[in-house]
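Heads up, the thing below is written out as C-alpha coordinates.
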Amino acid sequence: MAERLAKHGELEVVVSLAGRTKFPAPQPARLRSGGFGGVSGLSEYLVTEKVDALIDATHPYADVISANAGAAARQTAVPFVALRRPPWHAGAGDRWQEVADIGSAVRALADRPRRIFVTLGRGELNPLAEAPQHFYLIRSVDPVEPPLLLPLAAYVTARGPFSEADDRALMRLHGIDAVIAKNSGGTASYGKIAAARSLGIEVIMLRRPPLADAPAVETVDAAIAWLDHALTSAAARGV
(Lines give C-alpha, C1' and ligand atoms only; values in the text may rest on other atoms or scores of the structure.)
Protein backbone atom coordinates (compact mmCIF):
# COMPACT_ATOMS: atom_id res chain seq x y z
CA MET A 1 0.00 0.00 0.00
CA ALA A 2 2.69 2.51 1.00
CA GLU A 3 4.79 1.74 -2.06
CA ARG A 4 1.85 2.29 -4.37
CA LEU A 5 0.74 5.51 -2.68
CA ALA A 6 4.27 6.91 -2.55
CA LYS A 7 4.28 6.93 -6.37
CA HIS A 8 1.14 9.06 -6.30
CA GLY A 9 3.04 12.35 -6.53
CA GLU A 10 0.25 14.62 -5.31
CA LEU A 11 -0.24 12.80 -2.02
CA GLU A 12 1.52 13.23 1.30
CA VAL A 13 1.47 9.73 2.78
CA VAL A 14 1.95 8.93 6.46
CA VAL A 15 2.41 5.32 7.59
CA SER A 16 1.54 4.75 11.24
CA LEU A 17 2.91 1.68 13.03
CA ALA A 18 2.07 0.39 16.49
CA GLY A 19 5.72 0.51 17.53
CA ARG A 20 5.94 -3.10 18.72
CA THR A 21 8.62 -4.12 16.21
CA LYS A 22 12.10 -2.84 17.00
CA PHE A 23 13.25 -2.72 13.39
CA PRO A 24 10.21 -2.34 11.13
CA ALA A 25 10.52 -2.76 7.39
CA PRO A 26 11.56 0.46 5.61
CA GLN A 27 8.67 2.52 4.27
CA PRO A 28 8.72 4.86 1.25
CA ALA A 29 6.70 7.44 3.16
CA ARG A 30 6.73 9.50 6.35
CA LEU A 31 6.63 7.17 9.31
CA ARG A 32 5.12 7.62 12.76
CA SER A 33 5.27 5.01 15.50
CA GLY A 34 3.25 4.39 18.65
CA GLY A 35 -0.34 4.68 19.78
CA PHE A 36 -2.63 7.68 19.51
CA GLY A 37 -4.34 7.54 22.90
CA GLY A 38 -7.64 5.99 21.90
CA VAL A 39 -10.40 7.47 19.77
CA SER A 40 -9.97 10.99 21.13
CA GLY A 41 -6.23 11.02 20.46
CA LEU A 42 -6.65 9.74 16.92
CA SER A 43 -9.46 12.23 16.27
CA GLU A 44 -7.20 15.05 17.42
CA TYR A 45 -4.42 13.80 15.15
CA LEU A 46 -6.73 13.68 12.12
CA VAL A 47 -7.86 17.27 12.72
CA THR A 48 -4.43 18.69 13.64
CA GLU A 49 -2.71 17.07 10.67
CA LYS A 50 -5.56 18.00 8.30
CA VAL A 51 -5.88 14.41 7.14
CA ASP A 52 -7.99 14.06 3.98
CA ALA A 53 -8.49 10.28 4.09
CA LEU A 54 -7.78 7.39 6.46
CA ILE A 55 -7.11 3.79 5.43
CA ASP A 56 -7.09 1.10 8.11
CA ALA A 57 -4.56 -1.42 6.79
CA THR A 58 -3.81 -3.08 10.12
CA HIS A 59 -3.54 -6.80 10.85
CA PRO A 60 -6.89 -8.65 10.86
CA TYR A 61 -6.42 -9.29 14.61
CA ALA A 62 -5.74 -5.63 15.51
CA ASP A 63 -9.37 -5.14 16.48
CA VAL A 64 -8.82 -2.28 18.94
CA ILE A 65 -7.09 0.12 16.55
CA SER A 66 -9.51 -0.84 13.76
CA ALA A 67 -12.47 0.08 15.98
CA ASN A 68 -10.76 3.30 17.09
CA ALA A 69 -9.96 4.28 13.50
CA GLY A 70 -13.55 3.87 12.40
CA ALA A 71 -14.87 5.81 15.39
CA ALA A 72 -12.36 8.64 14.94
CA ALA A 73 -13.20 8.91 11.25
CA ARG A 74 -16.88 9.21 12.06
CA GLN A 75 -16.24 11.85 14.71
CA THR A 76 -14.14 13.98 12.36
CA ALA A 77 -15.99 13.22 9.08
CA VAL A 78 -12.73 12.04 7.51
CA PRO A 79 -13.34 9.60 4.62
CA PHE A 80 -12.44 6.11 5.86
CA VAL A 81 -12.06 2.60 4.51
CA ALA A 82 -10.68 -0.62 6.00
CA LEU A 83 -8.41 -2.88 3.94
CA ARG A 84 -9.39 -6.34 5.17
CA ARG A 85 -7.77 -9.18 3.32
CA PRO A 86 -9.96 -12.29 3.11
CA PRO A 87 -9.25 -15.13 5.56
CA TRP A 88 -7.87 -18.48 4.50
CA HIS A 89 -10.30 -21.36 4.18
CA ALA A 90 -9.55 -24.99 4.90
CA GLY A 91 -9.42 -27.16 1.79
CA ALA A 92 -8.85 -30.78 0.88
CA GLY A 93 -6.05 -32.22 3.01
CA ASP A 94 -6.12 -29.50 5.67
CA ARG A 95 -6.46 -30.60 9.30
CA TRP A 96 -7.73 -27.48 11.04
CA GLN A 97 -9.11 -27.02 14.51
CA GLU A 98 -10.46 -23.52 15.09
CA VAL A 99 -10.27 -22.02 18.58
CA ALA A 100 -11.15 -18.69 20.16
CA ASP A 101 -7.76 -17.68 21.57
CA ILE A 102 -4.25 -18.83 22.50
CA GLY A 103 -5.41 -20.25 25.82
CA SER A 104 -7.91 -22.45 23.99
CA ALA A 105 -5.18 -23.44 21.53
CA VAL A 106 -2.91 -24.62 24.33
CA ARG A 107 -5.72 -26.64 25.89
CA ALA A 108 -6.47 -28.21 22.51
CA LEU A 109 -2.96 -29.73 22.50
CA ALA A 110 -4.06 -32.09 25.31
CA ASP A 111 -1.63 -33.75 27.72
CA ARG A 112 0.56 -35.94 25.52
CA PRO A 113 3.86 -34.15 24.80
CA ARG A 114 3.91 -32.73 21.31
CA ARG A 115 6.17 -30.58 19.12
CA ILE A 116 4.48 -27.31 18.21
CA PHE A 117 5.35 -24.60 15.71
CA VAL A 118 4.03 -21.28 17.06
CA THR A 119 3.69 -18.19 14.85
CA LEU A 120 2.12 -15.54 17.09
CA GLY A 121 3.13 -12.11 18.34
CA ARG A 122 5.62 -11.94 21.20
CA GLY A 123 3.01 -10.50 23.55
CA GLU A 124 0.68 -13.46 23.10
CA LEU A 125 2.96 -16.31 24.13
CA ASN A 126 2.58 -16.44 27.92
CA PRO A 127 -0.27 -19.02 27.91
CA LEU A 128 2.20 -21.57 26.49
CA ALA A 129 3.59 -21.88 30.02
CA GLU A 130 0.35 -23.64 31.01
CA ALA A 131 1.54 -26.71 29.07
CA PRO A 132 5.29 -27.01 29.63
CA GLN A 133 5.39 -30.67 28.56
CA HIS A 134 5.38 -29.66 24.88
CA PHE A 135 8.29 -28.55 22.73
CA TYR A 136 7.64 -25.13 21.17
CA LEU A 137 9.35 -23.75 18.07
CA ILE A 138 8.56 -20.02 18.22
CA ARG A 139 9.05 -17.74 15.22
CA SER A 140 8.89 -13.96 15.58
CA VAL A 141 10.13 -10.83 13.83
CA ASP A 142 12.00 -9.64 16.94
CA PRO A 143 13.70 -11.86 19.52
CA VAL A 144 11.56 -13.03 22.43
CA GLU A 145 13.30 -11.28 25.33
CA PRO A 146 13.48 -12.51 27.94
CA PRO A 147 12.93 -16.09 26.77
CA LEU A 148 9.77 -17.76 28.00
CA LEU A 149 9.85 -19.87 31.15
CA LEU A 150 9.57 -23.07 29.16
CA PRO A 151 11.87 -26.09 29.54
CA LEU A 152 11.49 -27.09 25.88
CA ALA A 153 11.59 -24.18 23.45
CA ALA A 154 13.56 -22.99 20.44
CA TYR A 155 13.36 -19.60 18.75
CA VAL A 156 13.56 -18.48 15.14
CA THR A 157 13.84 -14.77 14.37
CA ALA A 158 12.79 -14.01 10.81
CA ARG A 159 10.65 -11.69 8.72
CA GLY A 160 8.34 -13.03 6.01
CA PRO A 161 7.30 -13.78 3.40
CA PHE A 162 7.93 -17.49 4.04
CA SER A 163 7.73 -20.08 1.28
CA GLU A 164 6.02 -23.43 1.59
CA ALA A 165 9.31 -25.22 0.86
CA ASP A 166 11.19 -23.33 3.60
CA ASP A 167 8.46 -23.89 6.19
CA ARG A 168 8.18 -27.56 5.30
CA ALA A 169 11.95 -27.96 5.77
CA LEU A 170 11.77 -26.11 9.11
CA MET A 171 8.95 -28.33 10.37
CA ARG A 172 10.76 -31.49 9.33
CA LEU A 173 13.99 -30.33 10.97
CA HIS A 174 12.24 -29.87 14.32
CA GLY A 175 9.85 -32.83 14.08
CA ILE A 176 6.78 -30.56 14.28
CA ASP A 177 3.39 -32.28 14.64
CA ALA A 178 1.10 -29.25 15.12
CA VAL A 179 1.01 -25.57 14.21
CA ILE A 180 -0.59 -22.74 16.19
CA ALA A 181 -1.38 -19.81 13.91
CA LYS A 182 -3.68 -16.89 13.21
CA ASN A 183 -5.86 -16.78 10.13
CA SER A 184 -3.99 -13.81 8.69
CA GLY A 185 -5.01 -14.26 5.08
CA GLY A 186 -2.82 -13.17 2.19
CA THR A 187 0.26 -14.88 0.80
CA ALA A 188 3.15 -13.69 3.00
CA SER A 189 2.63 -16.24 5.78
CA TYR A 190 0.60 -18.91 3.97
CA GLY A 191 3.70 -21.09 3.56
CA LYS A 192 3.23 -22.73 6.96
CA ILE A 193 -0.39 -23.60 6.15
CA ALA A 194 0.52 -25.18 2.84
CA ALA A 195 3.48 -26.97 4.44
CA ALA A 196 1.29 -28.36 7.23
CA ARG A 197 -1.15 -29.68 4.64
CA SER A 198 1.58 -31.41 2.64
CA LEU A 199 2.99 -33.00 5.82
CA GLY A 200 -0.40 -34.00 7.25
CA ILE A 201 0.16 -31.77 10.29
CA GLU A 202 -2.67 -30.38 12.40
CA VAL A 203 -3.20 -26.60 12.41
CA ILE A 204 -4.79 -25.04 15.48
CA MET A 205 -6.19 -21.82 14.05
CA LEU A 206 -7.15 -18.81 16.15
CA ARG A 207 -10.40 -17.33 14.88
CA ARG A 208 -10.40 -13.74 13.78
CA PRO A 209 -11.93 -11.32 16.27
CA PRO A 210 -15.17 -9.63 15.23
CA LEU A 211 -14.44 -6.21 13.77
CA ALA A 212 -16.61 -3.13 13.97
CA ASP A 213 -18.81 -2.54 10.95
CA ALA A 214 -17.08 -0.18 8.51
CA PRO A 215 -16.69 0.42 4.77
CA ALA A 216 -14.18 -2.20 3.64
CA VAL A 217 -12.29 -3.47 0.61
CA GLU A 218 -10.22 -6.62 0.15
CA THR A 219 -7.28 -5.55 -2.04
CA VAL A 220 -4.74 -2.77 -2.35
CA ASP A 221 -6.08 -1.98 -5.83
CA ALA A 222 -9.58 -1.53 -4.43
CA ALA A 223 -8.29 0.66 -1.60
CA ILE A 224 -6.45 2.94 -4.02
CA ALA A 225 -9.53 3.14 -6.26
CA TRP A 226 -11.57 4.12 -3.18
CA LEU A 227 -8.99 6.76 -2.26
CA ASP A 228 -8.99 8.27 -5.74
CA HIS A 229 -12.77 8.49 -5.65
CA ALA A 230 -12.82 9.96 -2.13
CA LEU A 231 -10.29 12.68 -2.97
CA THR A 232 -11.94 13.49 -6.29
CA SER A 233 -15.32 13.83 -4.58
CA ALA A 234 -13.82 16.08 -1.89
CA ALA A 235 -12.19 18.28 -4.54
CA ALA A 236 -15.48 18.57 -6.42
CA ARG A 237 -17.16 19.75 -3.22
CA GLY A 238 -14.36 22.25 -2.65
CA VAL A 239 -13.27 20.58 0.59
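The values are calculated or read from the model by the stated rules, or taken from the named source; none is laboratory data. As the structure is a prediction and not an experimental result, all values here were calculated from the model. A quick note on method: Cβ atoms are made from the backbone with ideal geometry, for glycine too, and the neighbour counts reach across all protein chains shown.
Return the only residue of A194, A188, A234 being modelled with pLDDT of 95 or more and either among the aliphatic types (A, V, I, L, M) or touching a Gly at 6+ places or on another chain (Cβ under 9 Å) (or both). Please lay out each step first, then the result.
Numbers: A188 fails: modelled with pLDDT of 95 or more; A234 fails: modelled with pLDDT of 95 or more.
Sole residue among the options that is modelled with pLDDT of 95 or more and either among the aliphatic types (A, V, I, L, M) or touching a Gly at 6+ places or on another chain (Cβ under 9 Å) (or both): A194.
Annotation: R172 fulfils all but one of (1) under 24 Å from P113 (Cβ atoms); (2) assigned to a helix (DSSP H, G or I); (3) in contact with a helix residue (DSSP H, G or I) (Cβ under 7 Å, 6 or more places away or on another chain); the unmet one is (3). Number of residues in region 187-203 that are of a type in the set (A, V, I, L, M) and either at positive phi or part of a loop (DSSP other than H, G, I, E, B) (or both) equals 2. When A77 is tested against (1) closer than 30 Å to V51 by Cα; (2) touching a Lys or Arg at 6+ places or on another chain (Cβ under 9 Å), exactly one condition is not met: (2). For G103, are the conditions met, namely being assigned by TED's automatic domain parsing to the domain that holds N183 and either free of Cβ contacts under 8 Å to residues at least 12 places away in the same chain or more than 16 Å from the chain's Cα centre (by Cα) (or both)? Taking the combined requirement at face value, the residue satisfies it.
Within the option set S198, S233, being over 16 Å from L120 (Cβ atoms), hydroxyl-bearing (S, T, Y) and surrounded by 13 or more Cβ atoms within 10 Å (Cβ to Cβ) holds for one residue only, S198. Here the strands (runs of 3 or more DSSP E) wholly within region 6-75 that include at least 3 residues being touching a strand residue (DSSP E or B) at 6+ places or on another chain (Cβ under 9 Å) and surrounded by 13 or more Cβ atoms within 10 Å (Cβ to Cβ) are 14-17, 54-56.
The residue of region 106-153 that is surrounded by the fewest Cβ atoms within 10 Å (Cβ to Cβ), among those that are touching a residue at least 24 places away in the same chain (Cβ under 8 Å) and β-branched (V, I, T), is V141.
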